[in-house]
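Structure record follows, encoded as C-alpha coordinates.
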Amino acid sequence: MRIGKLREVQEREGLGAYILTRTPNVLYYTGSTSGGILISTLGEEPLLLVSRMNLEMARAEAKGCEIATYERKTLLRDIAERVRRADPKIVGFDELRLETFLKLRERLEGFRMEAKPEIIWEMRRIKDEEEVSRIRKACEIADAGMEAVRSSLKIGMREYEVAAELEYAMRRAGAESLAFETIVGSGPRSAYPHAGCRDRRIREGDLIVIDAGATYRGYRSDITRTFIIGRPSEEQRRIYETVLEANERALEGIREGVKGREVDAIAREVITKAGYGEFFTHSLGHGVGLEVHEPPSLSKESEDILKTGNIVTDEPGIYITGKGGVRIEDTVLVRKDGAERLTRFGKSLEDIIL
Ligand SMILES: [Mn+2]
(Lines give C-alpha, C1' and ligand atoms only; values in the text may rest on other atoms or scores of the structure.)
Protein backbone atom coordinates (compact mmCIF):
# COMPACT_ATOMS: atom_id res chain seq x y z
CA MET A 1 0.00 0.00 0.00
CA ARG A 2 1.20 3.46 -0.89
CA ILE A 3 0.15 4.88 2.44
CA GLY A 4 2.25 2.24 4.19
CA LYS A 5 5.21 3.31 2.14
CA LEU A 6 4.56 6.92 3.08
CA ARG A 7 4.81 5.94 6.74
CA GLU A 8 8.14 4.24 6.10
CA VAL A 9 9.41 7.47 4.57
CA GLN A 10 7.99 9.45 7.50
CA GLU A 11 9.92 7.22 9.91
CA ARG A 12 13.10 7.68 7.92
CA GLU A 13 12.68 11.46 7.88
CA GLY A 14 11.53 11.82 11.48
CA LEU A 15 8.11 13.07 10.42
CA GLY A 16 5.87 11.82 13.19
CA ALA A 17 2.95 13.52 11.44
CA TYR A 18 2.39 14.44 7.84
CA ILE A 19 -0.53 16.54 6.55
CA LEU A 20 -1.67 16.18 2.95
CA THR A 21 -3.91 18.91 1.57
CA ARG A 22 -3.56 18.61 -2.19
CA THR A 23 -6.37 16.66 -3.84
CA PRO A 24 -4.06 14.71 -6.21
CA ASN A 25 -1.98 13.64 -3.21
CA VAL A 26 -5.07 12.52 -1.31
CA LEU A 27 -6.12 10.60 -4.42
CA TYR A 28 -2.69 9.01 -4.77
CA TYR A 29 -2.65 7.69 -1.22
CA THR A 30 -6.32 6.82 -0.68
CA GLY A 31 -7.70 6.20 -4.17
CA SER A 32 -10.46 8.73 -3.61
CA THR A 33 -11.22 11.92 -5.52
CA SER A 34 -13.10 13.22 -2.49
CA GLY A 35 -10.40 15.75 -1.67
CA GLY A 36 -10.14 16.74 1.98
CA ILE A 37 -7.22 16.55 4.37
CA LEU A 38 -5.28 13.35 4.99
CA ILE A 39 -3.28 13.14 8.21
CA SER A 40 -0.74 10.37 8.44
CA THR A 41 0.76 9.87 11.89
CA LEU A 42 3.00 7.12 13.15
CA GLY A 43 1.04 4.91 15.50
CA GLU A 44 -2.52 5.64 14.45
CA GLU A 45 -4.42 4.78 11.30
CA PRO A 46 -4.29 7.61 8.73
CA LEU A 47 -7.28 9.94 9.02
CA LEU A 48 -9.10 11.41 6.04
CA LEU A 49 -11.17 14.48 6.90
CA VAL A 50 -13.72 15.27 4.19
CA SER A 51 -16.54 17.72 3.78
CA ARG A 52 -20.01 16.36 4.51
CA MET A 53 -20.85 16.61 0.84
CA ASN A 54 -18.07 14.19 -0.13
CA LEU A 55 -18.44 11.72 2.73
CA GLU A 56 -20.23 8.99 0.78
CA MET A 57 -17.80 9.25 -2.09
CA ALA A 58 -14.87 8.91 0.31
CA ARG A 59 -16.53 5.93 2.00
CA ALA A 60 -16.96 4.21 -1.34
CA GLU A 61 -13.49 4.95 -2.69
CA ALA A 62 -10.92 5.57 0.03
CA LYS A 63 -8.86 2.64 1.27
CA GLY A 64 -6.47 2.27 4.16
CA CYS A 65 -7.67 5.17 6.30
CA GLU A 66 -10.25 6.19 8.83
CA ILE A 67 -12.79 8.66 7.42
CA ALA A 68 -14.47 11.53 9.26
CA THR A 69 -16.19 14.73 8.28
CA TYR A 70 -15.04 18.20 9.19
CA GLU A 71 -16.70 21.55 9.66
CA ARG A 72 -14.83 24.50 8.23
CA LYS A 73 -14.83 26.27 11.62
CA THR A 74 -13.24 23.40 13.51
CA LEU A 75 -10.98 21.92 10.84
CA LEU A 76 -7.73 23.40 12.11
CA ARG A 77 -8.57 22.38 15.66
CA ASP A 78 -9.26 18.80 14.50
CA ILE A 79 -6.01 18.63 12.55
CA ALA A 80 -4.01 20.03 15.47
CA GLU A 81 -5.60 17.60 17.88
CA ARG A 82 -4.72 14.57 15.75
CA VAL A 83 -1.18 15.82 15.23
CA ARG A 84 -0.58 16.60 18.90
CA ARG A 85 -1.64 13.10 19.86
CA ALA A 86 1.21 11.68 17.76
CA ASP A 87 3.70 13.97 19.54
CA PRO A 88 5.86 14.26 16.43
CA LYS A 89 9.37 15.62 16.30
CA ILE A 90 8.55 17.28 12.99
CA VAL A 91 5.16 17.94 11.39
CA GLY A 92 5.53 17.67 7.63
CA PHE A 93 3.04 18.84 5.05
CA ASP A 94 2.73 18.90 1.27
CA GLU A 95 1.32 22.43 0.81
CA LEU A 96 -0.56 24.96 2.93
CA ARG A 97 -1.85 28.43 2.13
CA LEU A 98 0.19 30.98 4.04
CA GLU A 99 -2.79 32.00 6.14
CA THR A 100 -3.58 28.38 7.02
CA PHE A 101 0.06 27.71 7.82
CA LEU A 102 0.24 30.65 10.23
CA LYS A 103 -2.96 29.66 12.00
CA LEU A 104 -2.00 26.01 12.23
CA ARG A 105 1.45 26.91 13.53
CA GLU A 106 -0.19 28.81 16.36
CA ARG A 107 -2.25 25.77 17.27
CA LEU A 108 0.82 23.56 17.07
CA GLU A 109 3.10 25.71 19.17
CA GLY A 110 6.11 23.76 20.32
CA PHE A 111 6.17 21.54 17.24
CA ARG A 112 8.40 22.10 14.23
CA MET A 113 6.48 22.44 10.96
CA GLU A 114 8.18 21.80 7.63
CA ALA A 115 7.01 21.82 4.03
CA LYS A 116 8.12 18.46 2.66
CA PRO A 117 6.48 18.03 -0.73
CA GLU A 118 9.51 16.16 -2.05
CA ILE A 119 8.77 13.01 -0.07
CA ILE A 120 5.49 12.72 -1.96
CA TRP A 121 7.07 13.46 -5.33
CA GLU A 122 9.78 10.91 -4.67
CA MET A 123 7.02 8.31 -4.80
CA ARG A 124 4.66 9.87 -7.32
CA ARG A 125 7.31 10.37 -9.96
CA ILE A 126 7.90 6.61 -10.27
CA LYS A 127 4.82 5.16 -11.93
CA ASP A 128 3.76 1.60 -11.16
CA GLU A 129 2.33 -0.75 -13.79
CA GLU A 130 -1.26 0.31 -13.20
CA GLU A 131 -0.36 3.98 -13.50
CA VAL A 132 1.62 3.36 -16.69
CA SER A 133 -1.29 1.51 -18.25
CA ARG A 134 -3.70 4.35 -17.42
CA ILE A 135 -1.37 6.96 -18.89
CA ARG A 136 -0.86 4.75 -21.93
CA LYS A 137 -4.63 4.74 -22.42
CA ALA A 138 -4.84 8.52 -21.87
CA CYS A 139 -2.23 8.86 -24.63
CA GLU A 140 -4.24 6.63 -27.01
CA ILE A 141 -7.25 8.85 -26.37
CA ALA A 142 -5.20 11.97 -27.15
CA ASP A 143 -3.99 10.31 -30.36
CA ALA A 144 -7.63 9.75 -31.33
CA GLY A 145 -8.21 13.47 -30.76
CA MET A 146 -5.36 14.33 -33.14
CA GLU A 147 -6.77 11.92 -35.75
CA ALA A 148 -10.05 13.81 -35.55
CA VAL A 149 -8.18 17.07 -36.13
CA ARG A 150 -6.40 15.64 -39.13
CA SER A 151 -9.64 14.50 -40.72
CA SER A 152 -11.71 17.59 -39.96
CA LEU A 153 -9.39 20.62 -40.07
CA LYS A 154 -10.27 22.91 -42.97
CA ILE A 155 -9.55 26.45 -44.08
CA GLY A 156 -12.14 28.82 -42.63
CA MET A 157 -12.74 26.88 -39.40
CA ARG A 158 -12.35 28.82 -36.20
CA GLU A 159 -9.81 27.70 -33.61
CA TYR A 160 -12.51 26.77 -31.11
CA GLU A 161 -14.22 24.60 -33.74
CA VAL A 162 -10.98 22.68 -34.19
CA ALA A 163 -10.78 22.24 -30.42
CA ALA A 164 -14.39 21.03 -30.38
CA GLU A 165 -13.65 18.27 -32.91
CA LEU A 166 -10.62 17.19 -30.93
CA GLU A 167 -12.36 17.22 -27.57
CA TYR A 168 -15.46 15.42 -28.85
CA ALA A 169 -13.29 12.64 -30.27
CA MET A 170 -11.40 12.31 -26.99
CA ARG A 171 -14.65 12.08 -25.04
CA ARG A 172 -15.93 9.44 -27.43
CA ALA A 173 -12.67 7.53 -26.96
CA GLY A 174 -13.10 7.46 -23.18
CA ALA A 175 -11.68 10.69 -21.77
CA GLU A 176 -13.19 11.39 -18.34
CA SER A 177 -12.02 14.98 -18.69
CA LEU A 178 -9.52 17.10 -20.52
CA ALA A 179 -6.03 16.95 -19.03
CA PHE A 180 -5.90 20.76 -19.42
CA GLU A 181 -7.44 23.47 -21.59
CA THR A 182 -6.83 22.65 -25.25
CA ILE A 183 -4.53 24.98 -27.14
CA VAL A 184 -5.25 25.76 -30.78
CA GLY A 185 -2.91 28.54 -31.91
CA SER A 186 -3.07 29.31 -35.61
CA GLY A 187 -1.12 31.65 -37.88
CA PRO A 188 0.70 34.35 -35.89
CA ARG A 189 -0.91 33.03 -32.70
CA SER A 190 1.04 29.78 -33.10
CA ALA A 191 4.03 31.81 -31.85
CA TYR A 192 2.46 32.01 -28.39
CA PRO A 193 3.39 28.85 -26.47
CA HIS A 194 0.23 29.25 -24.36
CA ALA A 195 -2.04 30.51 -27.12
CA GLY A 196 -5.26 29.21 -25.66
CA CYS A 197 -8.03 29.06 -28.19
CA ARG A 198 -9.78 31.98 -29.90
CA ASP A 199 -12.22 32.72 -32.71
CA ARG A 200 -9.55 33.23 -35.39
CA ARG A 201 -10.30 31.47 -38.66
CA ILE A 202 -7.73 29.08 -40.10
CA ARG A 203 -6.11 30.39 -43.28
CA GLU A 204 -4.08 28.80 -46.04
CA GLY A 205 -0.40 28.69 -45.11
CA ASP A 206 -1.02 28.75 -41.36
CA LEU A 207 1.00 26.87 -38.83
CA ILE A 208 -1.47 25.45 -36.31
CA VAL A 209 -0.10 24.37 -32.93
CA ILE A 210 -2.48 22.01 -31.16
CA ASP A 211 -1.65 21.00 -27.60
CA ALA A 212 -4.11 18.70 -25.86
CA GLY A 213 -4.47 15.82 -23.46
CA ALA A 214 -6.99 13.48 -21.92
CA THR A 215 -7.58 12.22 -18.42
CA TYR A 216 -8.25 8.51 -18.02
CA ARG A 217 -9.01 7.15 -14.55
CA GLY A 218 -7.24 10.12 -12.99
CA TYR A 219 -4.14 9.98 -15.19
CA ARG A 220 -3.21 12.41 -17.91
CA SER A 221 -1.58 12.63 -21.30
CA ASP A 222 0.01 15.55 -23.12
CA ILE A 223 0.60 15.78 -26.85
CA THR A 224 1.31 18.63 -29.26
CA ARG A 225 1.28 18.47 -33.00
CA THR A 226 1.76 21.35 -35.38
CA PHE A 227 -0.22 21.14 -38.59
CA ILE A 228 0.45 23.13 -41.74
CA ILE A 229 -2.43 23.85 -44.03
CA GLY A 230 -1.42 24.14 -47.67
CA ARG A 231 2.11 24.10 -49.06
CA PRO A 232 4.67 25.01 -46.38
CA SER A 233 7.13 27.80 -47.11
CA GLU A 234 10.84 26.99 -47.10
CA GLU A 235 11.17 28.61 -43.69
CA GLN A 236 8.19 26.77 -42.22
CA ARG A 237 9.67 23.52 -43.48
CA ARG A 238 13.09 24.34 -42.00
CA ILE A 239 11.61 25.27 -38.63
CA TYR A 240 9.42 22.18 -38.57
CA GLU A 241 12.28 19.85 -39.42
CA THR A 242 14.52 21.45 -36.80
CA VAL A 243 11.92 20.98 -34.05
CA LEU A 244 11.28 17.42 -35.21
CA GLU A 245 14.97 16.60 -35.07
CA ALA A 246 15.22 18.12 -31.59
CA ASN A 247 12.22 16.06 -30.45
CA GLU A 248 13.64 12.83 -31.89
CA ARG A 249 17.21 13.33 -30.70
CA ALA A 250 16.00 14.13 -27.18
CA LEU A 251 13.83 10.99 -27.26
CA GLU A 252 16.91 8.92 -28.13
CA GLY A 253 18.72 10.50 -25.18
CA ILE A 254 16.10 9.62 -22.60
CA ARG A 255 16.96 6.66 -20.40
CA GLU A 256 17.50 5.78 -16.76
CA GLY A 257 20.39 7.64 -15.15
CA VAL A 258 20.43 10.67 -17.45
CA LYS A 259 19.93 14.12 -15.93
CA GLY A 260 16.93 16.23 -16.92
CA ARG A 261 19.21 19.04 -17.99
CA GLU A 262 21.26 16.72 -20.22
CA VAL A 263 18.16 15.79 -22.22
CA ASP A 264 17.14 19.45 -22.44
CA ALA A 265 20.63 20.23 -23.75
CA ILE A 266 20.35 17.68 -26.56
CA ALA A 267 17.22 19.35 -27.95
CA ARG A 268 18.55 22.86 -27.33
CA GLU A 269 21.75 22.12 -29.21
CA VAL A 270 19.86 20.96 -32.31
CA ILE A 271 17.78 24.14 -32.30
CA THR A 272 20.71 26.43 -31.52
CA LYS A 273 22.85 24.93 -34.30
CA ALA A 274 20.03 25.61 -36.75
CA GLY A 275 20.12 29.26 -35.66
CA TYR A 276 16.87 29.29 -33.67
CA GLY A 277 18.22 29.00 -30.12
CA GLU A 278 16.73 32.28 -28.92
CA PHE A 279 13.27 31.19 -30.08
CA PHE A 280 13.14 28.04 -27.92
CA THR A 281 11.79 29.93 -24.94
CA HIS A 282 10.70 27.17 -22.58
CA SER A 283 12.10 23.98 -21.11
CA LEU A 284 12.04 20.67 -22.93
CA GLY A 285 9.62 18.79 -20.76
CA HIS A 286 7.98 17.85 -17.48
CA GLY A 287 6.62 14.83 -15.69
CA VAL A 288 3.02 13.73 -16.29
CA GLY A 289 0.74 11.69 -14.04
CA LEU A 290 -2.23 12.58 -11.88
CA GLU A 291 -1.30 16.14 -12.80
CA VAL A 292 -0.17 17.48 -16.13
CA HIS A 293 2.91 19.21 -14.73
CA GLU A 294 4.90 17.16 -12.24
CA PRO A 295 8.50 16.37 -11.46
CA PRO A 296 10.90 15.38 -12.88
CA SER A 297 11.75 18.37 -15.01
CA LEU A 298 13.68 18.41 -18.27
CA SER A 299 15.05 21.95 -18.20
CA LYS A 300 18.33 23.83 -18.37
CA GLU A 301 18.71 23.85 -14.59
CA SER A 302 17.21 20.46 -13.76
CA GLU A 303 19.26 18.25 -11.46
CA ASP A 304 16.58 15.54 -11.63
CA ILE A 305 17.97 12.17 -12.62
CA LEU A 306 15.64 10.10 -14.78
CA LYS A 307 14.56 6.74 -13.44
CA THR A 308 12.66 3.78 -14.85
CA GLY A 309 8.97 4.50 -14.41
CA ASN A 310 9.19 8.27 -14.88
CA ILE A 311 6.77 9.57 -17.48
CA VAL A 312 7.85 12.84 -19.06
CA THR A 313 7.11 15.04 -22.04
CA ASP A 314 9.54 15.79 -24.84
CA GLU A 315 8.36 19.08 -26.32
CA PRO A 316 10.83 21.35 -28.06
CA GLY A 317 9.49 24.41 -29.87
CA ILE A 318 10.46 27.43 -31.94
CA TYR A 319 8.32 30.59 -31.72
CA ILE A 320 8.91 33.57 -34.00
CA THR A 321 6.76 36.58 -33.24
CA GLY A 322 4.71 37.67 -36.23
CA LYS A 323 5.51 34.55 -38.20
CA GLY A 324 4.39 31.62 -36.15
CA GLY A 325 5.58 28.70 -34.10
CA VAL A 326 6.11 24.97 -34.10
CA ARG A 327 6.00 22.63 -31.12
CA ILE A 328 6.13 18.84 -31.26
CA GLU A 329 5.39 17.02 -28.04
CA ASP A 330 5.22 13.40 -26.97
CA THR A 331 4.55 11.79 -23.62
CA VAL A 332 7.22 9.14 -23.04
CA LEU A 333 7.98 6.41 -20.52
CA VAL A 334 11.53 6.23 -19.18
CA ARG A 335 13.02 2.74 -19.21
CA LYS A 336 16.39 1.36 -18.26
CA ASP A 337 17.82 1.44 -21.77
CA GLY A 338 15.72 4.06 -23.46
CA ALA A 339 12.35 5.72 -23.78
CA GLU A 340 9.04 4.39 -24.98
CA ARG A 341 6.87 6.88 -26.80
CA LEU A 342 3.30 6.63 -25.50
CA THR A 343 1.74 9.21 -27.84
CA ARG A 344 1.92 7.56 -31.24
CA PHE A 345 0.34 10.09 -33.61
CA GLY A 346 2.58 10.69 -36.65
CA LYS A 347 4.83 13.72 -36.78
CA SER A 348 6.61 13.55 -40.12
CA LEU A 349 5.83 16.35 -42.58
CA GLU A 350 3.54 13.97 -44.49
CA ASP A 351 1.53 13.39 -41.33
CA ILE A 352 0.94 17.05 -40.56
CA ILE A 353 0.59 18.82 -43.91
CA LEU A 354 -3.10 19.05 -44.68
MN1 LIG B 1 3.43 19.63 -22.00
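The values are calculated or read from the model by the stated rules, or taken from the named source; none is laboratory data. Because the structure is a prediction, the values reported are computed rather than measured. A quick note on method: Cβ atoms are made from the backbone with ideal geometry, for glycine too, and the neighbour counts reach across all protein chains shown.
Exactly one of (1) away from the ligand (no atom under 14 Å from the Cβ); (2) touching a residue at least 12 places away in the same chain (Cβ under 8 Å) is unmet by D264. Its number?
(1)
Could you tell me whether K116 is over 30 Å from R220 (Cα atoms) and surrounded by 13 or more Cβ atoms within 10 Å (Cβ to Cβ)? Explain how you work it out, then say what you get.
Working: over 30 Å from R220 (Cα atoms): no; surrounded by 13 or more Cβ atoms within 10 Å (Cβ to Cβ): yes.
Answer is no for this residue.
Residues that are among the hydrophobic types (A, V, I, L, M, F, W, C) and closer than 23 Å to P295 by Cα: which helices (runs of 4 or more DSSP H) entirely in the stretch 1-104 hold 3 or more of them? Talk me through it step by step, then tell me what you get.
Values: elements: 2-13, 23-30, 55-61, 75-86.
By residue number, 2-13.
Return only the number of the condition from (1) surrounded by 14 or more Cβ atoms within 10 Å (Cβ to Cβ); (2) assigned to a helix (DSSP H, G or I) that I126 does not satisfy.
(2)
Among the candidates G275, G309, G322, which residue alone is under 30 Å from Y29 (Cα atoms) and away from the ligand (no atom under 16 Å from the Cβ)?
Values: G275 fails: under 30 Å from Y29 (Cα atoms); G322 fails: under 30 Å from Y29 (Cα atoms).
Going through G275, G309, G322 in turn, the sole match is G309.
When the residues of the stretch 278-290 are filtered to those that are among the hydrophobic types (A, V, I, L, M, F, W, C) and farther than 16 Å from M123 by Cβ, which remaining residue is farthest from the ligand (Cβ to nearest atom)? Give the derivation first.
Of the stretch 278-290, the ones among the hydrophobic types (A, V, I, L, M, F, W, C) are 279-280, 284, 288, 290.
If we keep only those that are farther than 16 Å from M123 by Cβ as well, we get 279-280, 284.
Details: F279: 18, F280: 14, L284: 10 Å.
Looking at the filtered set, the residue picked out is F279.
Can you work out which of the residues in the stretch 305-327 that are of a type in the set (A, V, I, L, M, F, W, C) and in contact (Cβ under 8 Å) with a residue 60 or more places away in the chain is nearest to L342 (Cα to Cα)?
Let us first name the residues in the stretch 305-327 that are of a type in the set (A, V, I, L, M, F, W, C), namely 305-306, 311-312, 318, 320, 326.
So of that shortlist, the ones also in contact (Cβ under 8 Å) with a residue 60 or more places away in the chain come out as 311, 318, 320, 326.
Numbers: I311: 9, I318: 23, I320: 29, V326: 20 Å.
Ranking the candidates gives I311 first.
Name every residue in the stretch 291-306 that is more than 14 Å from the ligand (Cβ to nearest atom), buried (at least 20 other Cβ atoms within 10 Å of the Cβ) and among the hydrophobic types (A, V, I, L, M, F, W, C), in order of residue number.
L306
Give just the number: which of (1) hydrophobic (A, V, I, L, M, F, W, C); (2) surrounded by 14 or more Cβ atoms within 10 Å (Cβ to Cβ); (3) in the same structural domain as E13 (by TED's automatic domain parsing) does L98 not satisfy?
Condition not satisfied by L98: (2).
May I ask you to say which residue of G346, G257 is touching a strand residue (DSSP E or B) at 6+ places or on another chain (Cβ under 9 Å) and touching a residue at least 12 places away in the same chain (Cβ under 8 Å)?
Numbers: G346 fails: touching a residue at least 12 places away in the same chain (Cβ under 8 Å).
After applying the criteria, what remains is G257.
Go through the stretch 1-57 and give me each residue that's touching a strand residue (DSSP E or B) at 6+ places or on another chain (Cβ under 9 Å) and among the small types (G, A, S).
Of everything in the stretch 1-57, those that are touching a strand residue (DSSP E or B) at 6+ places or on another chain (Cβ under 9 Å) and among the small types (G, A, S) turn out to be G14, G16, A17, S32, S34, G35, G36, S40, S51.
Is it true that some residue in the stretch 247-269 is basic (K, R) and closer than 21 Å to G213 by Cβ? Write out each step before concluding.
As a first pass, look at the stretch 247-269 and keep what is basic (K, R): 249, 255, 259, 261, 268.
Checking which are closer than 21 Å to G213 by Cβ leaves us with none.
Looking through the stretch 247-269, none of the residues is basic (K, R) and closer than 21 Å to G213 by Cβ.
For (1) over 21 Å from S152 (Cβ atoms); (2) touching a residue at least 40 places away in the same chain (Cβ under 8 Å); (3) within 18 Å of the chain's Cα centre (by Cα), each residue gets a yes or a no:
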| position | (1), (2), (3) |
| --- | --- |
| M170 | no, yes, yes |
| E181 | no, no, yes |
| G185 | no, yes, no |
| C197 | no, no, no |
| G213 | no, yes, yes |
| G218 | yes, yes, yes |
| I229 | no, yes, no |
| E235 | yes, yes, no |
